[in-house]
1. Does Thr127 satisfy the condition of being surrounded by fewer than 22 Cβ atoms within 10 Å (Cβ to Cβ), closer than 16 Å to Leu227 by Cβ, at pLDDT 75 or above and in contact with a strand residue (DSSP E or B) (Cβ under 7 Å, 6 or more places away or on another chain)?
2. So which residues in segment 323-345 are under 17 Å from Leu208 (Cβ atoms) and among the hydrophobic types (A, V, I, L, M, F, W, C), if there are any at all?
3. Which residues, taken from segment 390-408, are more than 15 Å from Tyr368 (Cβ to Cβ), surrounded by 13 or more Cβ atoms within 10 Å (Cβ to Cβ) and touching a residue at least 12 places away in the same chain (Cβ under 8 Å)?
4. Among the residues of segment 130-141, what is the count of those that are within 17 Å of the chain's Cα centre (by Cα) and either hydroxyl-bearing (Ser, Thr, Tyr) or at pLDDT below 90 (or both)?
5. All but one of (1) within 9 Å of the chain's Cα centre (by Cα); (2) surrounded by fewer than 20 Cβ atoms within 10 Å (Cβ to Cβ) hold for Glu182; state the number of the condition that does not hold.
6. Given the conditions (1) surrounded by 17 or more Cβ atoms within 10 Å (Cβ to Cβ); (2) closer than 30 Å to Trp329 by Cβ, report the number of the one that Ser215 does not fulfil.
7. When the residues of segment 4-36 are filtered to those that are at pLDDT 70 or above and touching a helix residue (DSSP H, G or I) at 6+ places or on another chain (Cβ under 7 Å), which remaining residue is surrounded by the most Cβ atoms within 10 Å (Cβ to Cβ)?
Amino acid sequence: LLPRRALSHDGKKHVHTVNVRLQKAHNNLHSKHEDGHFAAAAIRFAKDLASLFGNDSVFFLSQDDKCKVPIGLPAAKKQAPLLMHLDYVIQLPDHDFVVAPRHQLTPSVYAARVINAAGDVGYSGPTYIAIRSAKHDKSISANHRDDFGRLVKLQEFKNVALDSSNKVKSIVIITVDGGPDENPRFSKTLASSIDIFKVHDLDALFVLAHAPGQSAFNAVERRMASLSHDLADLILPHDHFGTHLNANGSTIDFVLEKQNFQKAGEVLAEVWSNTVIDSYPVVASYVSSSFISQTSSYIDEHWCDRHVVQSQYTLQIVRCNSQDCCGEWRSNFYKIFTQRFLPPPVPLARSSFGLVIAANDFEPGIFYGSLFQRLQLNYFICEEIGCDSIPFDFFCTTIKNSLAKRTCKKCKKYFPTIERMKNHSKIHKLSKVVIDTQTLSNDEDDNEQNEPTPQSTNISSETNMTNICIIHDLAQWLKPTFEEI
């Protein structure tokens, strides 16, 4: 058999070895997806943008929900060996069944990524963990919005999240795993992101997701290993203030249940808060179930039409140039990045003829290039395709057949869902038709100079009521107007 190490004592004895070794199964198989390269190219564009502006202007954040931590059982599924004295003995329960249904904690992990002086987006930075009850809370986009508001106020995130004026940096980039609670194409994620954009007065907010099945490439996953190691030999208490379960495992005291969940969450937060990852601190806190995040239900489609570009894996919200609408820019983002939004990724191939647009991105030699290469080739790409602007998901493999259904027929703007397109189409029905008064004759101008200029083809009900005779007494109105002689 193959020795563990070729330079070991046993390894030197082997001359002709058989390619056989004791191995175990590993759960590191990553599934492939048709949109994997396309989604990764959009994230690469965001990294190039962050590299251009640097750490003083960009706050780069990676977020994801960690695997649920059970209560009353060993917190880690796989126990790691510990270096300890033999006088101590570790004894775990001889059962692995749950204490009661849904007795778990849901940690939401937020990993800040520091941009070094050379402009490279690193994988290190402070970490914030918001722990919630899996039984009393749900993982929704509003929770991530509220967690963002908490972490930017932490002292540990001051250097990475705030600028010199103690405000959140003008450009925020967030990478997610694309789950239902944080997918960029969903309306609830859009509403929560708009709240972040407006509350913190940002110049630009970018939310990007990987393709399905490729969340392991999210940078926050690198923090998960260290956090999971701290759960070895840890059992979170489920009855610290007394049991809230009966013999059948059903809850008999709901108030006591919430108190026990909170105590278990506080114990887990204390353990993780003592962790240091790559010389950066970890801050963990339990979010009580009594605090309910309010999800924004109203989306101003007129505002979104000027500030939002939403696609299958990306969400871009950028300030406009109108000071009456968004005020003054906090940075010179609009001067350097004049097009405001990230361009759609386009697969390219090198040939004997030169650079050509590839039909797909799964063949060898196909590349998307960097953000700056894409901007430089924008005129060439538009000329080859035959249009001035293309939808962001034009080269997304799984969306090609749905582009026509998701594109507005009037303004040719693309949307990631049909629901968003229908909501957008309402602004065309409510648009006002302005009459050009310069086409009127001089006589009409003289006669109508004191009259208000009509701004809409829909006449209001108040204008109609002035020309209507209201009948108060029908019998009196039916009498003839002449007198009999």
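The values are calculated or read from the model by the stated rules, or taken from the named source; none is laboratory data. Since the structure is predicted, the reported quantities are computational estimates derived from the model, not experimental observations. Cβ: placed from backbone, ideal geometry, glycine included. Neighbour counts: every protein chain shown.
1. no
2. Matches in segment 323-345: Phe337, Phe341, Leu342.
3. Pro391, Thr398, Ile399, Leu403, Arg406, Thr407, Cys408 - these are the residues of segment 390-408 that are more than 15 Å from Tyr368 (Cβ to Cβ), surrounded by 13 or more Cβ atoms within 10 Å (Cβ to Cβ) and touching a residue at least 12 places away in the same chain (Cβ under 8 Å).
4. The number of residues fulfilling the criteria is 4.
5. (2)
6. If we test Ser215 against (1) surrounded by 17 or more Cβ atoms within 10 Å (Cβ to Cβ); (2) closer than 30 Å to Trp329 by Cβ, just (2) comes out false.
7. For segment 4-36, the residue satisfying everything is Asp35.
Each row is one residue, and each column tells you yes or no for (1) outside any loop (DSSP other than H, G, I, E, B); (2) modelled with pLDDT under 85.
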| residue | (1), (2) |
| --- | --- |
| Cys411 | no, no |
| Pro416 | no, no |
| Arg420 | yes, no |
| His428 | yes, yes |
| Val434 | no, yes |
| Asp443 | yes, yes |
